[in-house]
1. So what J values fall out for the range 152-167 if you push phi through Karplus, 6.51 cos²θ - 1.76 cosθ + 1.60 with θ = phi - 60°, rounded to Hz, Gly and Pro as x?
2. For HIS267, list long-range residues whose amide hydrogen, built 1.01 Å from N in the peptide plane, is under 5 Å from its own amide hydrogen.
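Please treat every number below as a calculation from the coordinates, not as lab data. What you see is a predicted model; the values in this text were computed from it and never measured.
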Amino acid sequence: MSSRDYCNFRERTLLIQSNFGEDQLPESAPVCGIVMPISSIDGCNEAHWSDVHEILTEAIEDAGFEANLVSNADDVGIIQKRIIQNLYENPIVVCDVSGKNPNVMFELGLRLAFDKPTIIVKDDRTSYSFDTASIEHLEYPRDLRFSRIVEFKDKLAEKIKATHERAMSDSNYTTFLKHFGEFTVVKLDKKEIPGQEFILEELAAIRLAMNRVEQQPAARSAPATFNNRLNVCMRGMPDFELVKAVNAVREYEQVKSAELENRGDDHAHIMIQFKPESELARAEVRSMLVDKARPYRIKSRAAAFKKIAG
């Protein structure tokens, strides 16, 4: 699917809503964690997974939840701790096992061991895994074909709402574990420690992780393929805000070029090219632009709703 097709896909799917009033998620919206590949695997590059992430996020928000990768957190800490904490605490998790990424499968195993509400999705080119084949998998087309993606999003949104409601109302609800007997799920203990002690503990863990990386021979790691281009839809953003956004992108040293591309009325994209070895900057720039564009996309969606209603 081209960037233009995907942007059109976003525009059309945003119209499939039942509420023509306030369409922003409430501040107290429960979190739905996302477990999925984010780097190249099984012939799918980083850009493909970025598109899949957007699709999952839209379905989750349509269900009334706040989408959040389990690796994300407001605080700075060791990523493995953050992932485990989110896997345990998130009210519901959507896990994409497409490509059978080892990290994804491990995190899915943890979530199932916690026996918390979990929804598994996969693309139509990924086979079922023996251990989880008994759990329903929602399937989507790997080529992200529009008509089937719309259907998939509707099914996922309904599945999220139904699963969360059942888990909240049925004390015996189980995704996986209790089908095999009675088990007691171990809880993650929490303890309060002084701020200085916490900082020292985190620094020690970072130092240990860095030592392990330094001790690994460089020859063991094959060079990863880096996609040095980024295309972000900024639909609905006013011209002066677009100029400010482009200028903000150009301030990054790792950015080779950043240009505006008009694609019709009230519809523009920011096209960015990065210098080599700028993976972190690419992720940071994308996150910044998505955050800037979100309020205007919401307004654009509301205007579309009113137009249809009128």
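1. Residue by residue, the range 152-167 yields 4, 4, 4, 5, 5, 4, 5, 5, 4, 4, 5, 5, 5, 4, 5, 5 Hz.
2. Here GLY236 satisfy the definition.
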